[in-house]
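Following: one structure in C-alpha cells, then a few remarks.
A short reminder: the numbers here are calculations on the coordinates, not readings from a lab. Predicted model only: the values in this text are computed from it and were never measured. Cβ sites come from the backbone with ideal geometry, for glycine too, and all protein chains shown count toward neighbours.
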Amino acid sequence: MRAAGLDDNMIACVSQTLRFYQSTGFGRPGKEKLRSILRQHKVQPIDIHLQQAEALYMRGMSAALLNTERRWSGARERDASVRADVRRCLRTWRRNPLAQSAAST
C-alpha cells in the first residue's frame, strides 16, 4: 500500500476496514447468486465449485474496482487474466465436475 502512496494512517484505516469486511462477510456474493451463475453455465454447484467461483467473483470485482485512474480506458491485462481463469475453470468443471470435488477432500 505504501508503494501506491498511502501513509501509515491510511494503511491502518484500510486494514481495519478489511478486517471488518472479513468478519461480517460484507461484499461477498450470496451462495444462491453463485449457484445461479454456475447453473447458467451448466456447472454443477457443488461446494468446491462454489468456493472457486467465489474466489473468481471476488477477483473480478477487485479488478473492476482497482486502478481507478484507468477504470474507463478499456480492457486491462488483469481483466484478460481473470477471464482466462474463469474460462479454464468452467471447462474443467463441465468436463469432470466431481474430479475437482474428490481432489479437494
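Going by C-beta contacts inside 10 Å, put His41, His49 in order with the fewest on the left. Write down the numbers at each step before the final one.
Numbers: His41 12, His49 21.
By the 10 Å Cβ count, ascending, the order reads His41, His49.
Each Lys or Arg adds one and each Asp or Glu subtracts one; over the other residues with Cβ under 10 Å from the Cβ of Met1, this totals -1. Cβ crowding within 10 Å, taken as a proxy for footprinting-reagent exposure, orders Tyr21, Tyr57 from fewest neighbours to most as Tyr21, Tyr57. Shown for Lys31, Lys42: other C-beta atoms within 10 Å of each C-beta, ranked fewest to most, produce the order Lys42, Lys31.
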